[in-house]
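The structure appears right after this line, and notes come after that.
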Amino acid sequence: MQFGSRQRKLIANPQTELYRHCLQFYAQPPLENISLTEFETFAVERLKLLKTVENLGVSYVKSSDQYTNKLDSEFSNLHFPYKTEVDDKKPHIGPSEYEKRRKDHISHFILRLAYCQTEDLRRWFIQQEVDLFRYRFNCLNSKSKTQFLHHNNLHYDTVSLEEKKVLSEKLINSSYAGSACKVEEQDFYKVPFQDALDLVRTRKVYLKAGYVYIPHQDIVIIVLNDFRTRLSKALALTARSLPTVLSDERLQPLLSHLSHAYVGQDYSIQKSVGKISLEQIDLLAGKSFPLCMRQLHQSLRETHHLRHGGRMQYGLFLKGIGLTLEQALQFWRSEFTKGKVDMDKFDKAYAYSIRHMFGKEGKRTDYTPYSCMKVILSNPPSQGDHHGCPFRHSDAELLKQKLQSYKVSPSGIAQILDLVKGMHYQLACQKYFELTHNIEDSGFSLNHPNQYFLESQKLLGGGREVKREVDPPQRGPDAAVKQPPNPQALAEMTEDLDAYFQDG
Amino acid sequence: MTSTDYDPACLPDLLPLYYRRLFPFSQYYRWLNYGGVQKNYFQHREFSFTLKDDIYVRYQSFSTQGELEKEMQKMNPYKIDIGAVYSHRPNQHNTVKSGTFQALEKELVFDIDMTDYDDVRSCCSAANICNKCWTLMTIAIHILDRALREDFGFHHLLWVYSGRRGVHCWVCDEAARKLSVAARSAVAEYLSLVKGNVKKGQYFEKEIMLQYCYPRLDVNVSKGVNHLLKSPFSVHPKTGRISVPIDLKQLDKFDPFDVPTISLICEELDRPRVGEEDEQVDSKEKGSDMDTMERRRIRDYKRTSLAKYVKILDQFLDGVAQSHKGELLKRSDLQKDF
């Protein structure tokens, strides 16, 4: 068979066919080759997007203006496609629409690999992707919505004018938005009842001969169900082929960490080195430390000792806020020697591990301060420990007392405890930030204790030059957003995470 | 003279006779085979038997009609239940890798039980029924039948009297058999308007009608794909009545007390029916490949009160067959099976 050269050109560009629409069901996996860097970057950026979706979904009503505005800006920052009007021919800055759609496509499939392994991961992933999809579908105009449906073989037919007339009374009665003119104006779709079970079950819709009659504005419910079902099935399939994927050594570490990854700054870039003096620490602990570090500091001052877990968590945090090695050694030594440890013992037993923290011993890994995720998930504290996340690890009564002793208002404490009950530990800490700084909205999404410190310092306007140095990742489109986790941090994460999971 | 003479103690003697000479095996197979459109549909169907002394055996399955007959004639079950069509032969389910043996399809079923109407009937209670309260059942059947046809678009509904105090509806459409658990649950909930416990108080006339007459369903029966339900033409051990199909066209004339018992039809077997025997040989028997056993069996049940009920099943199956004709042709064309 002879193909004309024109046809050959068309066939050579199957991808443009694939990205005809800014929204997709992710039915087909990407077929191209990409570099490992792109693999990593894409995955991390989508993860950031999904985490934003999660946080916003908890903090705001999903259809509210605040929700949409905040999600809008996150989309722009991370360069994901969400509105159709972009004309590729116009010159503009940043990635093209095609590139955005390609990233959307590829990143989704990479995260499937990372999130298919357990029931919890699957549930989380599906929930965020569904919310994301709902948001993007609702952004489409009416025409785009219909295009999308047909493009994806959801050939839900519209009801003909004659049939609408005949059924008009029933349709008006069935739809809660229904009024005579609305039924006339908008399209109704005939959907097989199996695709609209929730509406059938609750009798919220007109049902005839096995079809439900749905107004155009409500078609998103059907589409969402379809999306959710497809994704759920796909993840189950992905999980089965995962062992083969994981046998690729290049992919295995990255995929294993994506599901636990912290994807922001690592705060090992010590631009603030030497700007903190030891005398300030007590004051700073009360004003600008997150609850976990404040607790550790207080414990250290009171008992002149901290166990290994506490030393690691607090010590690395201090490094992150700018303590030098010499300052750290002085700090720990002076505190420990007030207790049961004498100078010699300190130098023998503890100094080594502090220098180790700063990368001056052993294999010289410069360890990075722990992210909230790490503090919450790994190494839970036992009796006599003071590390961990107090919102996660302290029981409610103890937490309440502690907050009371730090002069948090009763209503504030109630709000915090509510968030804790819903397992939103970082949001609880954010609320603690807002209450202790007397503000309504923290303006950032908390992921890291050092981030808490920096934001606090910025707010209080003090802290010398510390606040100027480092830009928090969530602000503005010019922020250095593309910071893939450096290999060292990744390697360190591997060690600790592996150990955590081995302990069962 | 329909329900007299039934004594549960006689079951062990009556059942062998029933299964050897009266049970309509060929119609039964014709039903569950669904025209042979889907491979192994009959072979992967689960049956369960309740034997003497309440011994219950599950995961029975059969390769052919003949095998089913032989087994039933050997075991003489007191009760027969029909389950789902599975991914593998149910009688081999232990050999299948764990997790892969799954219920795939089953008719959508409904169970209406007279005891659920106890709060609105004063004539009877619990397992008892009479012609007065049976009216409520008649109304419920009309409503459910109409809803299933008009709202959901189902066509092939087999209504069966359970033998004592209720009816079952088997929705046999292909779409119905393929419904998921979630879908079955949604359909059942859509249809569940009234649960019982009518409150005393002021009601409008329509509300009263609704409270009394609207079908009261046991949703759990309808939800599960692997749920086992009493088979048509099974015997009710307590009343002796056969679970017979109901002709919806004659629904208002249906009288549960007119339904034959196993003792009656066995008795009728022995009674020679005057003049009818020779004339009843119809086209089905003439010139077909049926063996003598089967031919005799057809002549046998036709001499009894069971005849008209088997006919109802036949008519139902004719309707189902129409919808298969197209399917089979399509498939044989695809496979070039001439």
Exercise for review: For the range B:93-109, enumerate the residues that are at pLDDT 95 or above, within 18 Å of B:Lys39 (Cβ to Cβ) and not in a strand (DSSP E or B).
Suggested key: B:Lys106
Practice item. Name the single residue, out of those in the range A:344-367 being closer than 24 Å to A:Gln298 by Cβ and assigned to a helix (DSSP H, G or I), that is farthest from the chain's Cα centre (by Cα). Key: A:Lys345
Check your understanding: For the subset of the range A:446-462 comprising residues that are in contact with a Gly (Cβ under 9 Å, 6 or more places away or on another chain) and in a loop (DSSP other than H, G, I, E, B), which member is least open to solvent (accessible area, probe 1.4 Å)?
Key -> A:His448
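This table checks each residue for (1) among the hydrophobic types (A, V, I, L, M, F, W, C); (2) more than 14 Å from every other protein chain (Cβ to nearest Cβ); (3) over 24 Å from B:Pro256 (Cα atoms); (4) more than 17 Å from the chain's Cα centre (by Cα).
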| site | (1), (2), (3), (4) |
| --- | --- |
| B:Lys79 | no, yes, no, no |
| B:Asn91 | no, yes, yes, yes |
| B:Val96 | yes, yes, yes, yes |
| B:Leu108 | yes, no, no, no |
| B:Asp111 | no, yes, no, no |
| B:Asp116 | no, yes, no, yes |
| B:Ser125 | no, yes, no, yes |
| B:Thr135 | no, yes, no, yes |
| B:Arg146 | no, no, no, yes |
**Study point:** Every residue from the range B:247-262 that is in contact with a helix residue (DSSP H, G or I) (Cβ under 7 Å, 6 or more places away or on another chain) and closer than 15 Å to B:Ala307 by Cα
**Key:** B:Asp247, B:Ile262
Exercise for review: For A:Ile214, work out the one condition from (1) of a type outside the set (Ser, Thr, Tyr); (2) modelled with pLDDT under 85; (3) surrounded by 15 or more Cβ atoms within 10 Å (Cβ to Cβ) it doesn't fulfil.
Suggested key: (2)
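Select from the range B:113-150 the residues that are outside any helix (DSSP H, G or I) and either among the polar types (S, T, N, Q) or in contact (Cβ under 8 Å) with a residue 24 or more places away in the chain (or both) and list them in ascending order.
Of everything in the range B:113-150, those that are outside any helix (DSSP H, G or I) and either among the polar types (S, T, N, Q) or in contact (Cβ under 8 Å) with a residue 24 or more places away in the chain (or both) turn out to be B:Asp113, B:Ser122, B:Ser125, B:Ala127, B:Asn128, B:Ile129.
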**Study point:** Hits in the range B:163-197 - residues which are among the basic types (Lys, Arg) and in contact (Cβ under 8 Å) with a residue 24 or more places away in the chain
**Key:** B:Arg164, B:Arg165, B:Arg177, B:Lys178, B:Arg184
Study note, to complete from the structure: Considering the range B:148-157, residues that are open to solvent by 30 Å² or more (accessible area, probe 1.4 Å) and in contact with a helix residue (DSSP H, G or I) (Cβ under 8 Å, 6 or more places away or on another chain), and then whichever is farthest from the other protein chains (Cβ to nearest Cβ), we arrive at B:His156
Review point. Within the range B:76-92, can you find the residues that are over 24 Å from B:Ile129 (Cβ atoms) and part of a loop (DSSP other than H, G, I, E, B)?
Key: B:Asn76, B:Pro77, B:Ser87, B:His88, B:Arg89
Exercise for review: Would you be able to say whether some residue in the range B:190-206 is in contact with a strand residue (DSSP E or B) (Cβ under 8 Å, 6 or more places away or on another chain), within 14 Å of chain A (Cβ to nearest Cβ) and among the polar types (S, T, N, Q)?
Suggested key: yes
Exercise for review: Evaluate the range B:57-64: report whether one residue or more is over 15 Å from B:His236 (Cα atoms), open to solvent by less than 50 Å² (accessible area, probe 1.4 Å), at pLDDT 95 or above and touching a Ser or Thr at 6+ places or on another chain (Cβ under 8 Å).
Suggested key: yes
Review point. Going by the structure shown, is A:Thr368 open to solvent by less than 40 Å² (accessible area, probe 1.4 Å), of a type in the set (Val, Ile, Thr) and touching a Gly at 6+ places or on another chain (Cβ under 7 Å)?
Key: no
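Looking at this structure, is A:Phe433 within 20 Å of A:Leu318 (Cα to Cα) and either part of a loop (DSSP other than H, G, I, E, B) or modelled with pLDDT under 90 (or both)?
On the way: within 20 Å of A:Leu318 (Cα to Cα): yes; either part of a loop (DSSP other than H, G, I, E, B) or modelled with pLDDT under 90 (or both): no.
Spelling it out, it is not the case that A:Phe433 is within 20 Å of A:Leu318 (Cα to Cα) and either part of a loop (DSSP other than H, G, I, E, B) or modelled with pLDDT under 90 (or both).
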Check your understanding: Would it be correct to say that B:Arg164 is in contact with a His (Cβ under 9 Å, 6 or more places away or on another chain) and within 10 Å of chain A (Cβ to nearest Cβ)?
Key -> no
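Does A:Leu235 satisfy the condition of being touching a Leu at 6+ places or on another chain (Cβ under 8 Å), open to solvent by less than 50 Å² (accessible area, probe 1.4 Å) and more than 19 Å from A:Phe193 (Cβ to Cβ)?
Spelling it out, it is not the case that A:Leu235 is touching a Leu at 6+ places or on another chain (Cβ under 8 Å), open to solvent by less than 50 Å² (accessible area, probe 1.4 Å) and more than 19 Å from A:Phe193 (Cβ to Cβ).
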Practice item. Can you confirm whether the range B:42-52 contains a residue that is open to solvent by 50 Å² or more (accessible area, probe 1.4 Å), touching a residue at least 24 places away in the same chain (Cβ under 8 Å) and not β-branched (Val, Ile, Thr)? Key: yes
Check your understanding: Can B:Val160 be described as touching a Pro at 6+ places or on another chain (Cβ under 6 Å), buried (at least 19 other Cβ atoms within 10 Å of the Cβ) and in contact (Cβ under 8 Å) with a residue 24 or more places away in the chain?
Key -> yes
Practice item. State yes or no: is B:Cys169 more than 14 Å from chain A (Cβ to nearest Cβ) and within 24 Å of B:Tyr34 (Cβ to Cβ)? Key: yes
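Which residues, counting only those in the range A:301-357, are of a type in the set (Lys, Arg) and either in contact with a Phe, Trp or Tyr (Cβ under 6 Å, 6 or more places away or on another chain) or more than 18 Å from A:Ala285 (Cβ to Cβ) (or both)?
Answer for the range A:301-357, where residues must be of a type in the set (Lys, Arg) and either in contact with a Phe, Trp or Tyr (Cβ under 6 Å, 6 or more places away or on another chain) or more than 18 Å from A:Ala285 (Cβ to Cβ) (or both): A:Arg307, A:Arg333, A:Lys340, A:Lys345, A:Lys348, A:Arg355.
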Check your understanding: Got at least one residue in the range A:303-322 being surrounded by 18 or more Cβ atoms within 10 Å (Cβ to Cβ) and charged (D, E, K, R)?
Key -> yes
Practice item. Would you check which residues across the range B:167-194 are surrounded by 21 or more Cβ atoms within 10 Å (Cβ to Cβ), out of contact with any Ser or Thr (no Cβ under 8 Å at 6 or more places or on another chain) and not in a helix (DSSP H, G or I) and list them? Key: B:Val167, B:Cys169, B:Trp170, B:Val171, B:Cys172, B:Leu179
Study note, to complete from the structure: Considering the range A:113-136, residues that are modelled with pLDDT of 85 or more and over 15 Å from the mean Cα position of the chain (by Cα), and then whichever is most open to solvent (accessible area, probe 1.4 Å), we arrive at A:Arg134
Practice item. Would you mind telling me which numbered condition in (1) within 14 Å of chain A (Cβ to nearest Cβ); (2) touching a Gly at 6+ places or on another chain (Cβ under 8 Å) B:Glu174 fails? Key: (2)
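Which of the residues belonging to the range B:23-41 are open to solvent by less than 30 Å² (accessible area, probe 1.4 Å) and either small (Gly, Ala, Ser) or in a loop (DSSP other than H, G, I, E, B) (or both)?
Correct list: B:Phe23, B:Pro24, B:Val37, B:Tyr41.
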Exercise for review: Report the residue count in the range A:179-211 for those that are at the interface with chain B (Cβ under 8 Å from one of its Cβ atoms) and not in a loop (DSSP other than H, G, I, E, B).
Suggested key: 9
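The values are calculated or read from the model by the stated rules, or taken from the named source; none is laboratory data. Only a predicted model underlies this, so the values are computations on that prediction, with no experimental measurement involved. Cβ atoms come from the backbone with ideal geometry, glycine included; neighbour counts cover every protein chain shown. When the accessible area is computed, the model is the full protein with side chains, heavy atoms only, and any ligands, DNA or RNA have been set aside. Shrake-Rupley method; radii C 1.70, N 1.55, O 1.52, S 1.80 Å.
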